[in-house]
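Enquirer: Have a look at this one before I ask anything.
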Amino acid sequence: MAGARTRWLAGMCAAVIALLSAAACSSMSPPTVNPAQARAMQPVIDAYLASPVGGNSGGILHDLYPKLKPRVFCSAAIIEIRPAGGLLRVGMETSCGEYARRGRTLLAGTAGGTEEIMTLTHAGGRYHVQSAAAGPTWHDPGWVRRHFSPAAAAEINANSAPNPPDPISQAWRAFGFPPGTRAIAP
C-alpha cells in the first residue's frame, strides 16, 4: 500500500510541476522584434542561409539536373533579436527550397527548414553574419530551450512562432515566372 501511495504522490507532484511550468510559459509574452531592424537584416540572413557556407550547396536538382543551374532560396521569420555584447543574437525559423527552370516549368527539389541562431554585427550601416548555429532537421525542444530566450523558446515549442515566408517567391523572380506559378517535382 505504501508503494501505491508513493507512486500516487510522485504522479501528483509531476502533474503540479507540469501545470506550473505550462502556466509560467503561457504567461510569458512573446519576444518583441523591431520590424525596421528585422527588415534591414533580412536580406543578409536570407543570402547566408541560401549559401554553401550557410549549409545549402544544392540538393536533388543539383545532382540530377546540374545543367539547369538550380538555386537554393531561403527565408527566415525572425523571432527575437537580443544584444550580446557588441553583437546581435538573432533567433529565427527558416525555410529553404531548391528550384530550377526547365523551359516553361518551375521545378522544385529539396526543401527544408529548422530553427536557427545567428550572431550579427552592424557596422557602417550594414549587417554581417558572424556565426550561425542550426537546430536539427527535426524539432528538438531541448535545442530550442538551450539557444533561445525563455519567451522565444516557449513560443517555438508551443508551435505558435511565426512561419517564414515561402521561398518560392524568390524563385519566381529569379527565374522570371509570374507570382503563383506552381513548382513541380522533376
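The values are calculated or read from the model by the stated rules, or taken from the named source; none is laboratory data. Keep in mind that what you see is a predicted model, and the values were worked out from it rather than measured. Note that we place each Cβ from the backbone using ideal geometry, even for glycine, and neighbour counts take in every protein chain shown.
Enquirer: Being of a type in the set (Val, Ile, Thr) and either outside the structural domain of Thr94 (by TED's automatic domain parsing) or in contact with a helix residue (DSSP H, G or I) (Cβ under 8 Å, 6 or more places away or on another chain) (or both) is the filter here; which residues of segment 129-183 pass it? Give the derivation first.
Expert: Step one: filter segment 129-183 for residues of a type in the set (Val, Ile, Thr), giving 129, 137, 144, 156, 168, 181.
Scanning segment 129-183 gives Val129, Val144, Ile156, Thr181.
Enquirer: What single numbered condition from (1) assigned to a loop (DSSP other than H, G, I, E, B); (2) touching a residue at least 24 places away in the same chain (Cβ under 8 Å) fails to hold for Ile78?
Expert: (1)
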